[in-house]
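The values are calculated or read from the model by the stated rules, or taken from the named source; none is laboratory data. In this text the structure is predicted, and so the values were computed from the model without any measurement. We place every Cβ from the backbone using ideal geometry, glycine too, and count neighbours over all the protein chains shown. Surface accessibility is based on the protein's heavy atoms, side chains included, excluding ligands, DNA and RNA. Shrake-Rupley method; radii C 1.70, N 1.55, O 1.52, S 1.80 Å.
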Amino acid sequence: MQTPGDFDLSRRGVLAGGAASIAAVTIVPTEPAAARSKPAPAPPAAKVAFEVNGTRRELELDTRTSLLDALREHLHLTGTKKGCDHGQCGACTVIVDGRRINSCLSLAVMHDGDKITTIEGLGTPDKMHAMQTAFVEHDGYQCGYCTPGQICSAVAVLDEIKAGIPSHVTADLTAPPQVTALELRERMSGNICRCGAYSNIIDAISDVAGVKA
Amino acid sequence: MKSFTYERVDTPAAATAAFARSKDARFIAGGTNLLDLMKLEIETPAHLIDVSRLALDKIEATTAGGLRIGAMVRNTDLASDERVRRDYGLLSRALVAGASGQLRNKATTAGNLLQRTRCPYFYDTNQPCNKRQPGSGCAAIGGFSRLHAVIGASEACIATHPSDMAVAMRALDATIETVDAAGKERTIAIADFYRAPGKTPHLETALAPGELVTAVTLPKPVGGTHVYHKVRDRASYAFALIAVGAIVQRDGSGRVALGGVGYKPWRVEAAEAELPRGAKAVTAKLLAGAKPSHENAYKLPLVERTLAGVLAQARG
């Protein structure tokens, strides 16, 4: 894979090599130009091992690699999508150790030993997760780009309500939160859908939770 | 993003020692703000010290009857803690009013306090910004300042502090515990934690370089009715235009802190004596000396009216 970082470095190497060639020609014509250009140092890398969808994966990565890029570009799990790459859209949502996070705002090297679940790990075309089936049944998408993030988020949302985690719209902080359309809408606000499939997404999640939207 | 070296540490002492021997180092925990800024090359550390797995992830009762919240406690866990929900409802309410579920699962207590402004001119590297590049000027002054500070700002910077959690922490009189590379520990009252922008808006807190936040401590519960009302451009997942956090007692006394108006959560204890006289009297003292721009002058009446609503809600 060629990252933007790789490109910068190789371009810099070419430029440095070019400058050295000119210097070699004009000042020391007897020395081969190539011998004078030094390759740019490789960017710092680090090893990381984590479990993705039940399989142990070991990688050596440029430290800058986000968890999102590790999944997509290195492990070729392209179900997880890159939308804004700044934690604003939720397309990159995956579940790490049982919690949904924005994989774009997390360094892969910080996930050593973690258990990561992506959309590919929730279900397969032959054996879909209940949330995937519900999204299909309720037409919870149009273009589908935000859908893997929406589904990972939705699965985690129902777990969060079950675990008693309050939200902005929970009326009584000391009582267990309920699965209501209002709660689902608030809790899903970190997942943006430009097609505007929101109402069908809420229908799909409500269906899985066994409540009326 | 600029390249950087990375190491993970297991103890606060190892973290501060790593900082002391590195050049251009930063601590990273949740990373939700720092990585965002690194992608834009607003933050360009040469070395990252991963403190996310320090054993500072507990919420413990203190002998004074309060709570000691480890620096690495995630925002979700803090908002969900049974004691916080019962005794410090304002804190729980403020936390769930901020960010998204995904971000709250990563963001830490210390990181939330230390998050940087969302001033659009700070984020836009084509614009001058004294906070991002000291001495370059401030594009927000005279620019689109609808979101900016109305009080406590300077001629160098009119940015606001974006945290909701910090507003609750201020109303609750939290103290911040730190340790430095020499192993020296100290506590800082949250009232003294944020530095006024003055001529040096790039210096934001009382922390020395390499000083690590280890915990935030809350005094024993003060009772009362806790209300956090955040006003924003959309119903969820947006930073505050203004926010009012209040704790109101049965006798009408109480505490009020504001978000979205200044470089720190804004609280003036003397203004709270006006609570029996209502929102207008409180706001007049709380925002005395405010210097809004044409574009953010709306924040003054918005604070007053939001506070009136909060007081009505608190008094049932």
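For segment B:6-36, filtering for residues that are farther than 25 Å from B:Arg74 by Cα and either within 12 Å of another protein chain (Cβ to nearest Cβ) or touching a strand residue (DSSP E or B) at 6+ places or on another chain (Cβ under 9 Å) (or both) leaves 3.
Per the listing B:Gly98, B:Gly70, B:Gly89, the residue uniquely within 14 Å of another protein chain (Cβ to nearest Cβ), within 19 Å of B:Gly31 (Cβ to Cβ), in contact (Cβ under 8 Å) with a residue 60 or more places away in the chain and among the small types (Gly, Ala, Ser) is B:Gly98.
Residues of segment A:154-191 that are without any contact (Cβ under 8 Å) to a residue 12 or more places away in the chain, under 16 Å from B:Ala97 (Cα atoms) and either more than 8 Å from chain B (Cβ to nearest Cβ) or in contact with a His (Cβ under 9 Å, 6 or more places away or on another chain) (or both): A:Ala171, A:Asp172, A:Leu173, A:Ser189.
Taken together, B:Asp173, B:Asp87, B:Asp180 contain a single residue that is touching an Asp or Glu at 6+ places or on another chain (Cβ under 6 Å), acidic (Asp, Glu) and closer than 30 Å to B:Pro12 by Cα, which is B:Asp180. Does segment B:186-193 contain at least one residue that is of a type in the set (Lys, Arg) and in contact (Cβ under 8 Å) with a residue 40 or more places away in the chain? There is no residue in segment B:186-193 that is of a type in the set (Lys, Arg) and in contact (Cβ under 8 Å) with a residue 40 or more places away in the chain. Of all residues in segment A:102-139, which are open to solvent by less than 10 Å² (accessible area, probe 1.4 Å), among the hydrophobic types (A, V, I, L, M, F, W, C), in a helix (DSSP H, G or I) and within 14 Å of another protein chain (Cβ to nearest Cβ)? Answer for segment A:102-139, where residues must be open to solvent by less than 10 Å² (accessible area, probe 1.4 Å), among the hydrophobic types (A, V, I, L, M, F, W, C), in a helix (DSSP H, G or I) and within 14 Å of another protein chain (Cβ to nearest Cβ): A:Cys104, A:Leu105, A:Ala108, A:Val109.
Under the condition of being of a type outside the set (A, V, I, L, M) and open to solvent by 50 Å² or more (accessible area, probe 1.4 Å), the residues counted in segment B:231-252 number 6. Being in contact (Cβ under 8 Å) with a residue 12 or more places away in the chain, surrounded by fewer than 23 Cβ atoms within 10 Å (Cβ to Cβ) and part of a helix (DSSP H, G or I) is not true of B:Ala79.
Yes or no, residue by residue, for (1) of a type in the set (D, E, K, R); (2) surrounded by fewer than 17 Cβ atoms within 10 Å (Cβ to Cβ); (3) closer than 21 Å to A:Ile95 by Cβ:
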residue	(1), (2), (3)
B:Val9	no, no, no
B:Arg21	yes, yes, no
B:Leu34	no, no, no
B:Val51	no, no, no
B:Leu90	no, no, no
B:Ser100	no, no, yes
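Selection of segment B:102-122 for residues being over 21 Å from B:Ala243 (Cβ atoms), within 13 Å of chain A (Cβ to nearest Cβ) and open to solvent by 20 Å² or more (accessible area, probe 1.4 Å) yields only B:Lys106. Residues in segment A:164-213 that are assigned to a helix (DSSP H, G or I) and either among the basic types (Lys, Arg) or open to solvent by 30 Å² or more (accessible area, probe 1.4 Å) (or both): A:Leu182, A:Arg185, A:Arg187, A:Tyr198, A:Ser199, A:Asn200, A:Asp203, A:Asp207, A:Val208, A:Ala209. For the structure I just gave you, tell me whether B:Ala55 is in a helix (DSSP H, G or I) and either open to solvent by less than 50 Å² (accessible area, probe 1.4 Å) or away from chain A (no Cβ under 12 Å) (or both). No. Of note, A:Leu59 does not satisfy the criterion of being farther than 23 Å from A:Tyr198 by Cβ, open to solvent by less than 10 Å² (accessible area, probe 1.4 Å) and modelled with pLDDT of 95 or more.
Being open to solvent by 10 Å² or more (accessible area, probe 1.4 Å), part of a loop (DSSP other than H, G, I, E, B) and farther than 28 Å from A:Ala91 by Cα is a property that B:Ala64 has. For the structure I just gave you, tell me whether B:Arg132 is over 18 Å from B:Glu204 (Cβ atoms), part of a loop (DSSP other than H, G, I, E, B) and in contact (Cβ under 8 Å) with a residue 40 or more places away in the chain. Taking the combined requirement at face value, the residue does not satisfy it.
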